[in-house]
Amino acid sequence: VNSASNDVVATISVTPTVGTCSGLPTTFTITIHPLPTINAGSDVAICDGQSATLNATGGTNYSWNNGVQNGIQFTPVTTTTYTVTGTSADGCINSDQVLITVNPIPTVFAGNDTTICPNASFILNGSGAATYSWNNGVTNGVSFIPSSTISTYTVIGTSAGGCSNTDNMNIQFYPVENISFSPDIILGCSPLLVNFTNSTLNSVNCNWDFSNGSTSTNCGTASATFMQVGCYDITLNVTFSNGCTNSLTQPNLVCVEAPPLASFVPTPSILNEYDSQATFNNTTIGGVSYIWNFGDSTALSTLVNPEHDYAGLPLGNYLVTLIAFSPSGCVDSVTSVLQIKEDLLIYIPNCFTPDQDEFNQFFVPVFTSGFDPFDYNLYIYNRWGQLIFESHDHTKGWDGAYGNDGNARLVQDGIYTWKIEFKTSDTDERKIIVGHVNVLR
């Protein structure tokens, strides 16, 4: 054995013999070369239409079946086992095989082109492969909202053998009308009735939300009554004949205004026949225009702070009414009682001259009005506090005399104290007034 080349060398000696005769022996050498270890390569899998290159090793010359040339690219048609025969430099021959599996290209289907409603969610589901990869950030089988700026979506499907194919799907959008509606009034007083007119084209189903707890399904005109002060968002949801929907919310579209708070203060609050004019101070909150009724059948007034004269009217109570209006016409009113009372008018002289000359002969307090003539008492006292005269008739005065025994005598000149007790006519209040009178002769 030649360990360097793996050849096997054998020496053979041959002696020819003919009958009993033998010739000279002949010696010759036989060299046995080893078979080459041919390697066709590892089995491979490719996709239909892909090329492959077979490169055998272990020999110096190679011959493949099926028309394949070593190291030359070719395109397998079907799954095939390829055999290569390799020849060594010594001319020895060996062979090996390799399997090329041709996997089919999957028939990937992205789905039928479709038309959907704007802003509607959609799911793309590819078929025909084992795994799928979509463009535009879409995940297979997961819901998403298609963009209005993208119409074509492409999927790459990969089979279990690793072969891929693509398909496209077009998504279009149904036309959707813009929502439009209008109220017949947007500002008013409670209760405020508002009629809303829907002008949206192709409305099939409608749903109104008035933000006041009420709704409506009318697609033409819908009405709502707003009770509470404040502003309200109005929402209309519409479904069209193609099944698509649209919605519009108009914030703070309808506002209910607070009514004014009517109030006033009359000055003075109590009149009399001598002070008969009143000034009305308007203290209303939220009012812009006014109507006054003074309760005496005279003309109404629209002044803010009017004055009114009750001269010549009978004593008594008069109902004064103020009606106040807000900018939107909301109304409030208030009524107050204005009194015209009899005034307490008293004139009390501070001296008199009982000298029999027909002038200023009596001390008589003069009550013009405001007292009860049946509850009247006049008392006269001297300087020592002694009662020297009394009268219970307001028309009867003191003549300067004292004594009731038939011997009435005139008092001396000087200052005397008087006291008057009486009751007012309007309130029955009992009053006592005290003063001095000078007697002169």
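The values are calculated or read from the model by the stated rules, or taken from the named source; none is laboratory data. Note that this is a predicted model, so its numbers are computed, not measured. When we count neighbours, we look across all protein chains shown, and the Cβ atoms used for this are built from the backbone with ideal geometry, even at glycine. Accessible surface areas use protein heavy atoms only, side chains included; no ligands, DNA or RNA. Shrake-Rupley method; radii C 1.70, N 1.55, O 1.52, S 1.80 Å.
Couple of notes before you dig in:
- Residue that is nearest to E307 (Cα to Cα), among those in the range 274-292 that are open to solvent by 70 Å² or more (accessible area, probe 1.4 Å) and in contact with a strand residue (DSSP E or B) (Cβ under 7 Å, 6 or more places away or on another chain): Q277
- Taken together, the residues in the range 195-205 that are in a loop (DSSP other than H, G, I, E, B), open to solvent by 50 Å² or more (accessible area, probe 1.4 Å) and closer than 28 Å to S151 by Cβ amount to 2.
- Here is the figure for the range 121-145: residues that are surrounded by 12 or more Cβ atoms within 10 Å (Cβ to Cβ) and on the phi < 0 side of the Ramachandran plot total 17.
- Figure legend. Inter-residue proximity from the range 321-340: first residues free of Cβ contacts under 8 Å to residues at least 24 places away in the same chain, second residues aliphatic (A, V, I, L, M), beta-carbon distance below 9 Å, spacing 6+ or different chains. Indicated pairs: T335/L319; T335/V320; T335/L322; V337/L319; V337/V320.
One line per residue, one yes/no per condition, for (1) in a strand (DSSP E or B); (2) touching a Cys at 6+ places or on another chain (Cβ under 8 Å); (3) crowded, with 17+ Cβ neighbours inside 10 Å:
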site: G49; (1), (2), (3): no, no, no
site: S63; (1), (2), (3): yes, no, no
site: I100; (1), (2), (3): yes, no, yes
site: N112; (1), (2), (3): no, no, no
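- Test: residue in the range 340-359 that is within 30 Å of P260 (Cβ to Cβ) and in a strand (DSSP E or B): yes
- Looking across the range 13-43, the residues that are in contact with a strand residue (DSSP E or B) (Cβ under 6 Å, 6 or more places away or on another chain) and open to solvent by less than 60 Å² (accessible area, probe 1.4 Å) come down to P36, I38, A40, G41.
- Qualifying residue in the range 423-430 (condition: within 17 Å of P354 (Cβ to Cβ) and surrounded by 12 or more Cβ atoms within 10 Å (Cβ to Cβ)): no
- Pairs with Cβ under 9 Å, 6+ apart, first in the range 214-228 and over 22 Å from E257 (Cα atoms), second small (G, A, S) and modelled with pLDDT under 95: C219/S203; G220/S203
- Checklist (1) open to solvent by less than 40 Å² (accessible area, probe 1.4 Å); (2) closer than 30 Å to I179 by Cα applied to S241, failing item: (1)
- Residue in the range 258-273 that is under 15 Å from I186 (Cβ atoms), free of Cβ contacts under 8 Å to residues at least 40 places away in the same chain and part of a strand (DSSP E or B) present: no
- Boolean, T368 is open to solvent by 40 Å² or more (accessible area, probe 1.4 Å) and farther than 30 Å from I285 by Cα: yes
- Subset tally (residues that are open to solvent by less than 50 Å² (accessible area, probe 1.4 Å) and in contact with a strand residue (DSSP E or B) (Cβ under 7 Å, 6 or more places away or on another chain)) for the range 171-194: 9
- The residues listed here are T57, T53, T83; of these, the one that is at pLDDT 90 or above and open to solvent by less than 60 Å² (accessible area, probe 1.4 Å) is T83.
- Within the range 360-404, the residues that satisfy the criterion of being assigned to a loop (DSSP other than H, G, I, E, B) and within 13 Å of E421 (Cβ to Cβ) are P365, H392, H394.
- Taking each residue of the range 297-320 that is closer than 23 Å to T283 by Cβ and assigned to a strand (DSSP E or B) and looking for partners that are of a type in the set (V, I, T) and open to solvent by 70 Å² or more (accessible area, probe 1.4 Å) with beta-carbon atoms closer than 9 Å, six or more apart or interchain, yields N317/V337; Y318/V337; L319/T335; L319/V337; V320/T335; V320/V337.
- One residue stands out among those in the range 146-170 that are outside any loop (DSSP other than H, G, I, E, B) and either among the hydroxyl-bearing types (S, T, Y) or touching a Leu at 6+ places or on another chain (Cβ under 9 Å) (or both): the one that is nearest to T114 (Cα to Cα), which is M169.
- Check on V68, surrounded by 16 or more Cβ atoms within 10 Å (Cβ to Cβ) and among the β-branched types (V, I, T): yes
- Index of the failed condition, D167 passing every other in (1) open to solvent by less than 50 Å² (accessible area, probe 1.4 Å); (2) farther than 30 Å from T101 by Cβ: (2)
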